[in-house]
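Note sheet for the following structure.
The values are calculated or read from the model by the stated rules, or taken from the named source; none is laboratory data. In this text the structure is predicted, and so the values were computed from the model without any measurement. All Cβ positions, even for glycine, are placed from backbone atoms using ideal geometry, and neighbour counts span all protein chains on display. All accessible areas refer to the heavy atoms of the entire protein, side chains included, with ligands and DNA or RNA removed. Shrake-Rupley method; radii C 1.70, N 1.55, O 1.52, S 1.80 Å.
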Amino acid sequence: MISVLAPLVRGLCINAAAAPRIVIAGNGIASKNALSIDLESAYKTDDAGGETFNEEAAAKALSEAYAAWEFETVPAGSGRSETVKKHPASIVLKRGENTLGGFWIDQDIDAVRRRREKGDDSFIEEFVSPESSAEVSHDQCSPLNTALPGLTSAARSNVVKNRVAVVTGGAQGFGEQISLGLAASGALVFIADINLVGAKELAKKINGAQGKTAAIALKADVTNEESAKTLFDTIAKEAGGLDLCISNAGVLQAGSVMDQELESFKFTTDVNYVGYFVIAKYASRLLRLQYLGAPRWKTDIIQINSKSGLEGSDKNGAYAGSKFGGVGLTASFALELVKYNIKVNSICPGNFFDGPLWSDPEKGLFVQYLKTGKVAGARTIADVRAYYEAKVPMKRGCEGPDVMRAIYYIVEQEYETGQAVPVTGGQVMLH
């Protein structure tokens, strides 16, 4: 139940503050400053006597109770013209006399953990200028919140600051680059990988460098529904919800259509195509719950696809086919989920030559392509690499910062969904 209530509460807090919040469970909250909300109206009894929990009704009850709460607004002091608007740092949800769950709220995960440990129920303060409208506009409750919407822009990387993100396959390759980039830009990043040891090592590296909790490692198998469900339930419990889901986990096993084993073909399709569906399924469920509390807050699902999703790939049909299919899923998911303010897009990077997918000395693509004879006349790995670098107009492979810029663009661009954005150094161009 906490995994359902937490995103509803997070949405409520985002809507009130027009800014991201971290929400974590804290049972037993007994605070004079806590906002207590009764969700009895969310429980419905059917003709057979069965009982269900209505999420929309719960969101309505939460919103009404928060709106009725007595916000304390006082002068900011020190000669400033702003006033201070205070928000509750703890919320208790009840059904009559029974407590359903308690939640602590703050702007970052370390701060909210300290609140829970100390029982600190002091209010969250928000400075409000005299010119601020009483109503939250569309642009105020958006990723940018700029003073002149449409005319100015925040620094590109700031669009993910204080947001909650998850990166599947986040421990290596492009996933590692994305995890590092998001954390450096101020996001709280859940590094989800089947390689939990690698994910923990990366999270430790990130947190040590930043001196705070900026990354959390979780194990996830994207081809397993129960694993995916557990992943997003855990994110809901650890942070309250999500703003950005990067579906990056992918594999490649090259082979001719005349020779490739069916199991190899299925493995590639299961991870790249089915895995994207599974992750989008459970991510969208979580994001929808949050939307019920924050209907103006836009969130993103971004699939890391490939240039092979935009054009065929010789002796690489399993990979290209799964990536073509992923673009189709992106367009379809975008049409379905737009009503929940969930944007869905794909990024189609060129070849990341320095990552393990290409450069692993045993399983990398350079080795695979050399063995399968995909590059005519190539006798060494260096020959294969030189061949692929020569195919790129910019004469280099795609790198982590190239993909990060595309991610920032997609999050910042509120008026686009269902797209496959090439990041290929000019190798593949849109028509």
Exercise. Might you check whether a residue that is assigned to a loop (DSSP other than H, G, I, E, B) and open to solvent by less than 40 Å² (accessible area, probe 1.4 Å) occurs anywhere in the range 400-413?
Key: no
Quiz item: If Asn195 passes every condition in (1) under 25 Å from Met1 (Cβ atoms); (2) open to solvent by 50 Å² or more (accessible area, probe 1.4 Å); (3) without any contact (Cβ under 8 Å) to a residue 40 or more places away in the chain but one, which one does it miss?
Solution: (1)
Quiz item: Among the numbered criteria (1) among the aliphatic types (A, V, I, L, M); (2) loosely packed, with under 14 Cβ neighbours inside 10 Å; (3) modelled with pLDDT under 85, which single criterion is violated by Ala67?
Solution: (3)
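Residues to consider are Val411, Val428, Val423, Val403; find the one that is under 17 Å from the mean Cα position of the chain (by Cα) and either closer than 12 Å to Phe352 by Cα or modelled with pLDDT under 95 (or both). Talk me through it step by step, then tell me what you get.
Values: Val411 fails: either closer than 12 Å to Phe352 by Cα or modelled with pLDDT under 95 (or both); Val428 fails: under 17 Å from the mean Cα position of the chain (by Cα); Val423 fails: under 17 Å from the mean Cα position of the chain (by Cα).
None of the others qualify; the one that does is Val403.
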Quiz item: How many residues does the range 310-320 contain that are in contact with a helix residue (DSSP H, G or I) (Cβ under 7 Å, 6 or more places away or on another chain), part of a helix (DSSP H, G or I) and open to solvent by 40 Å² or more (accessible area, probe 1.4 Å)?
Solution: 0
Practice problem: May I ask you to list the residues in the range 264-290 that are open to solvent by 10 Å² or more (accessible area, probe 1.4 Å) and touching a strand residue (DSSP E or B) at 6+ places or on another chain (Cβ under 7 Å)? | Solution: Ser264, Ser284
Quiz item: Restricted to the range 198-226, and to residues that are small (Gly, Ala, Ser) and surrounded by fewer than 18 Cβ atoms within 10 Å (Cβ to Cβ), which residue is farthest from Ile22 (Cα to Cα)?
Solution: Gly198
Quiz prompt | Flag if Lys339 is without any contact (Cβ under 8 Å) to a residue 24 or more places away in the chain, of a type in the set (D, E, K, R), outside any loop (DSSP other than H, G, I, E, B) and closer than 30 Å to Leu289 by Cα | solution = yes
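Please enumerate the residues belonging to the range 269-309 that are among the polar types (S, T, N, Q), in contact (Cβ under 8 Å) with a residue 60 or more places away in the chain and part of a helix (DSSP H, G or I).
First, the residues of the range 269-309 that are among the polar types (S, T, N, Q): 269, 272, 284, 290, 299, 303, 305-306, 308.
From what is left, the residues that are in contact (Cβ under 8 Å) with a residue 60 or more places away in the chain are 290, 305.
Result: Gln290, single match.
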Quiz prompt | Candidates Lys363, Lys339 - the one that is at pLDDT 95 or above, of a type in the set (Lys, Arg) and surrounded by fewer than 15 Cβ atoms within 10 Å (Cβ to Cβ) | solution = Lys339
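Take the residues in the range 34-54 that are in a loop (DSSP other than H, G, I, E, B) and under 24 Å from Gln290 (Cα atoms); name whichever of them is modelled with the lowest pLDDT.
Narrowing the range 34-54 to residues in a loop (DSSP other than H, G, I, E, B): 34, 39, 46-50, 54.
Adding the requirement that they be under 24 Å from Gln290 (Cα atoms) leaves 34, 39, 54.
On the way: Ala34: 88, Leu39: 95, Asn54: 95.
Top of the filtered list is Ala34.
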